[in-house]
Amino acid sequence: MAANNYYDPADLRKFGKITEWSEELGTKFFDYYGKVFEDGALTAREKSLIALAVSHTEQCPYCIDAYTKDTLQRGVTKEQMMEAIHVGAAIKSGATLVHGTMMMNKVNKLDG
Amino acid sequence: MLKTKTQSLHKRQSELAASNRQLEILSDGMFKSGELPTFAKKIKETGQFPLRPKTLEILQINVGYMCNQVCDHCHVDAGPDRTEIMTKETMMRCLDVIKNTKAHTLDLTGGAPEMNPNFRWFVDEASKAGIKDFIVRSNLTIIRANKKYHDLPQFFKEHNVHIVSSMPHWTRGKTDKQRGDGVFDKSIKALQDLNAIGYGMPGSNLRLDLVYNPTGAFLPADQSGLERDFKKGLMDDFGIEFHNLFAITNLPISRFLDYLIASENYEDYMYSLVEAYNPAAVKSVMCTNTISISWDGWLYDCDFNQMLGLKIASKVKHISEYNEDIINDRDIVISQHCYGCTAGAGSSCQGSVTE
């Protein structure tokens with residue numbers, strides 16, 4: 001860990017080293033991870049944009065770093081990248097607001 | 001002339017205009033400290049040192065560094081202010097080589113090769129040699145730059161020239177960011193002109209390929225995925241057809257090196273290149289099947305080595321004493337910029353070098 005920060009951008013380069021402390025699980029994880037992002041029913045480009053949006057909803061700095069670069073590499077424009085993040089943001093806020101129905105149900109039951 | 005973004009490094013008298021300064025930077029820092037392996041050390045690990053040529057397939061001739069554009073990433077540091085132009089005398093020496101070479105591909109590049117005053121004469125003469133694949137690397141905008149160039153598509157067609165053109169993106173914003181204001185619109189018009197006479201059309205023998213190289217400090221993704229997106233983007237918006245897309249990695253030299261250092265991306269970029277090292281790409285890297293000839297007749301392993309002033313390691317170094325058998329018996333000159341051609345699926349002037 002860096003002296004004064006929990007997060008260090010250079011640590012992203014060390015991600016592959018997690019395998020050194022648990023080879024079987026690490027290898028299985030990276031095999032799976034690599035397979036997930038291959039062209040399939042969705043293109044690798046579409047998967048990269050989903051990953052970018054999820055990186056933001058997860059608020060993972062490493063993931064944001066990695067998938068900003070990955071989407072750029074795949075020719076994604078900044079407008080498309082921002083729209084993808086808005087999709088994530090909309091789901092996050094929607095997920096908060098839709099719980100308002102629970103509150104409304106409770107209010108109606110207790111004080112209706 | 002297009003509105004240019006900047007002047008060349010040479011015109012600005014930047015320290016990076018000097019190839020030996022670039023080579024110093026490429027051997028310093030994390031490569032000097034051992035944090036990252038030098039390219040020589042890396043290919044030794046995979047038993048591929050020294051790098052040796054295979055059969056010569058491509059003669060690449062740089063007919064001059066003058067260009068109507070000043071693109072951010074240009075490894076040639078080309079621009080309107082560059083005056084290095086191949087003379088007719090050197091072209092005649094090149095023609096002697098073209099007539100006798102075993103290479104099946106002739107690849108003319110620049111700058112904008114069309115700006116050489118003897119370009120059409122040279123193409124006319126070279127095409128008589130009957131070489132199988134005759135490529136001209138045209139930047140597209142030159143076709144629309146001046147009336148005297150408007151008939152270039154027809155000229156190319158008459159000589160059965162295979163056109164390879166840079167196009168950094170299928171959208172205006174990303175293209176103009178790298179290549180200058182107005183480049184996208186002019187390139188689209190030029191591509192439509194080329195399509196109109198048969199270039200790039202499905203089934204056409206008039207080959208039109210595009211070159212993609214990233215607009216910033218990142219590597220290109222899978223070539224086939226990018227080609228699919230380019231084809232869709234250019235067809236949906238402009239009705240444009242082309243044959244193949246070549247995805248080329250920006251090598252950390254010249255103006256791209258200048259950009260990497262100024263934007264504080266140099267270290268991360270070199271890490272990315274080294275991490276993406278692919279020994280399979282080393283086997284097919286373009287210096288193993290190409291000879292690059294400069295505007296003044298010197299011989300190099302590739303166009304990048306030409307820009308770094310790294311002449312071939314052979315007793316024959318100039319076209320005036322050209323001998324293919326002697327030249328092919330040499331070790332290829334390498335430095336850390338070579339990681340650019342071995343990253344991921346590999347990179348060459350013909351795009352990726354592995355499946």
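Taking the criterion of being among the small types (G, A, S), over 20 Å from A:V87 (Cα atoms) and either within 14 Å of chain B (Cβ to nearest Cβ) or surrounded by 13 or more Cβ atoms within 10 Å (Cβ to Cβ) (or both), the residues of the range A:16-56 that qualify are A:G16, A:G26, A:G34, A:G40. Counting the residues of the range A:70-80 that are surrounded by 18 or more Cβ atoms within 10 Å (Cβ to Cβ) and out of contact with any Asp or Glu (no Cβ under 6 Å at 6 or more places or on another chain) gives 6. Taking the range A:87-112 as the range and being charged (D, E, K, R) and exposed (fewer than 10 other Cβ atoms within 10 Å of the Cβ) as the test, the residues that pass are A:K109, A:D111. Screening B:K174 against (1) among the charged types (D, E, K, R); (2) within 13 Å of chain A (Cβ to nearest Cβ); (3) assigned to a strand (DSSP E or B) leaves a single unmet condition, (3). Here A:R13 meets the list (1) under 24 Å from B:A221 (Cβ atoms); (2) away from every other protein chain (no Cβ under 14 Å) almost entirely, failing just condition (2). Of the helices (runs of 4 or more DSSP H) lying entirely inside the range B:55-170, the ones with 2 or more residues being in contact with an Asp or Glu (Cβ under 8 Å, 6 or more places away or on another chain) are found at B:88-100, B:141-145, B:152-158. Is the range A:12-20 home to any residue that is among the hydroxyl-bearing types (S, T, Y) and over 26 Å from B:D229 (Cα atoms)? Looking for residues that are among the hydroxyl-bearing types (S, T, Y) and over 26 Å from B:D229 (Cα atoms), one finds at least one in the range A:12-20, hence yes.
Looking across the range B:141-168 at every residue that is over 25 Å from B:I98 (Cβ atoms) and surrounded by 23 or more Cβ atoms within 10 Å (Cβ to Cβ), the one that is farthest from the other protein chains (Cβ to nearest Cβ) is identified as B:T141. Being modelled with pLDDT under 95 and over 30 Å from B:F230 (Cα atoms) is the requirement here; does A:D39 meet it? No: the conditions fail for A:D39. Residue check: is B:F304 surrounded by 23 or more Cβ atoms within 10 Å (Cβ to Cβ), in contact (Cβ under 8 Å) with a residue 60 or more places away in the chain and of a type outside the set (D, E)? Considered against the rule, which asks whether it is surrounded by 23 or more Cβ atoms within 10 Å (Cβ to Cβ), in contact (Cβ under 8 Å) with a residue 60 or more places away in the chain and of a type outside the set (D, E), B:F304 comes out as yes.
Consider the range B:185-234 and keep the residues that are of a type in the set (A, V, I, L, M, F, W, C) and part of a strand (DSSP E or B). The one that is farthest from the other protein chains (Cβ to nearest Cβ) is B:L208. Can you tell me which residue in the range B:253-299 is farthest from B:H104 (Cα to Cα), limited to those that are in contact (Cβ under 8 Å) with a residue 60 or more places away in the chain and within 14 Å of chain A (Cβ to nearest Cβ)? Here the answer is B:E267. Pick from B:M115, B:M86: which is touching a residue at least 60 places away in the same chain (Cβ under 8 Å) and of a type in the set (A, V, I, L, M)? Only one candidate passes the filter, namely B:M86.
Within the range B:297-330, the residues that satisfy the criterion of being outside any strand (DSSP E or B), hydrophobic (A, V, I, L, M, F, W, C) and touching a helix residue (DSSP H, G or I) at 6+ places or on another chain (Cβ under 7 Å) are B:C302, B:F304, B:M307, B:L308, B:I312, B:V316, B:I319. Restricting attention to the range B:128-140 and to residues that are out of contact with any Lys or Arg (no Cβ under 9 Å at 6 or more places or on another chain) and at pLDDT 95 or above, the residue that is surrounded by the most Cβ atoms within 10 Å (Cβ to Cβ) turns out to be B:S138.
The values are calculated or read from the model by the stated rules, or taken from the named source; none is laboratory data. The model shown is predicted, which means the values in this text are computed figures rather than measured ones. A quick note on method: Cβ atoms are made from the backbone with ideal geometry, for glycine too, and the neighbour counts reach across all protein chains shown.
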